[in-house]
Amino acid sequence: MAEKLEPAKVLYCGVCSLPAEYCEFGSDFARCKPWLLENAPDLYPDLLKEANEKAADNVSDKLQSVGISSGGAGGAQSSAQTGGTSKKEEVKRLPGGKVKKKDRQEVIIEKVVRNKRKCITIVKGLELFGIKLSDASKKLGKKFATGASVVKGPTEKEQIDVQGDIIYDIVEFITDTWPDVPERSIFFIEDGKKVQAG
């Protein structure tokens, strides 16, 4: 008589509901990682190693950000750092100790040609002057009798796309409508180079 086989026990992921061995092929493996580390660490040993490295990096980042002030040269260094508060406002720390500088207040205007005939004028940076982009797009659309919309650009920042070639007329309109935007802060992108409008 043949031996009776037991059914296989399959561990299903609590996040994506796939079998745990197939989570890495699912749509969102990053969300499954914490669950897998807790419930199935033997399936993905690389995840365990990666989690330990991240924990070590986080500890070292915290120690670097706290800093230890000692009486010697370090104390002089910390007092010099506190004296330069204006630089501290401009700098933002990113994970990994990288430094992100504050965006410069400038409006960049660029003309893009589509289908060899149609032009789009792109306006970036108005939000840095405290201008609401939806209101600005409505005003631009009314002034130039064209379509204007707020869209996300390739860098995930919002910009205004205006249909038509209005690149030289738009500078005067921006400075008249929003006096907070000085003409020296407006730039054109011509042949891949940034050129001042004024």
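The values are calculated or read from the model by the stated rules, or taken from the named source; none is laboratory data. These numbers were taken from a predicted model, which means no experiment stands behind them. Note that each Cβ is placed from the backbone with ideal geometry, even for glycine, and that neighbours are counted across all protein chains shown. Heavy atoms of the whole protein, side chains included, go into the accessibility calculation; ligands, DNA and RNA do not. Shrake-Rupley method; radii C 1.70, N 1.55, O 1.52, S 1.80 Å.
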Among the listed residues Lys9, Lys111, identify the single one that is open to solvent by 90 Å² or more (accessible area, probe 1.4 Å), of a type in the set (Lys, Arg), at pLDDT 80 or above and not in a helix (DSSP H, G or I). Lys9
Of those in region 179-193 that are under 21 Å from Ile120 (Cα atoms) and open to solvent by 100 Å² or more (accessible area, probe 1.4 Å), the residue farthest from the chain's Cα centre (by Cα) is Asp191
Failed item in (1) over 30 Å from Asp57 (Cβ atoms); (2) out of contact with any Lys or Arg (no Cβ under 9 Å at 6 or more places or on another chain); (3) acidic (Asp, Glu); (4) at pLDDT below 90, with Glu156 passing the rest: (1)
Considering only residues that are in a helix (DSSP H, G or I) and open to solvent by 100 Å² or more (accessible area, probe 1.4 Å), look in region 154-178 and name the one that is nearest to Ile122 (Cα to Cα). Glu172
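Mind listing just one residue for me: the one in region 12-56 that is in a loop (DSSP other than H, G, I, E, B) and of a type in the set (A, V, I, L, M) and, of those, nearest to the chain's Cα centre (by Cα)?
Restricting to residues being in a loop (DSSP other than H, G, I, E, B) and of a type in the set (A, V, I, L, M), the top hit is Val15.
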When region 179-198 is checked residue by residue, the ones that are in a loop (DSSP other than H, G, I, E, B), touching a residue at least 40 places away in the same chain (Cβ under 8 Å) and not β-branched (Val, Ile, Thr) are Asp180, Ala197
Report every pair of residues separated by at least 6 positions or lying on different chains whose Cβ atoms are under 8 Å apart, first residue within region 43-67 and outside the structural domain of Glu24 (by the TED database) and surrounded by 10 or more Cβ atoms within 10 Å (Cβ to Cβ), second in a helix (DSSP H, G or I) and modelled with pLDDT under 75. Gly67/Ser78
Is there any pair with a first residue in region 108-124 that is farther than 18 Å from Lys194 by Cα and a second that is in a loop (DSSP other than H, G, I, E, B) whose Cβ atoms are under 7 Å apart and which are 6 or more apart or on different chains, and what are they? Cys119/Gly164; Cys119/Asp165
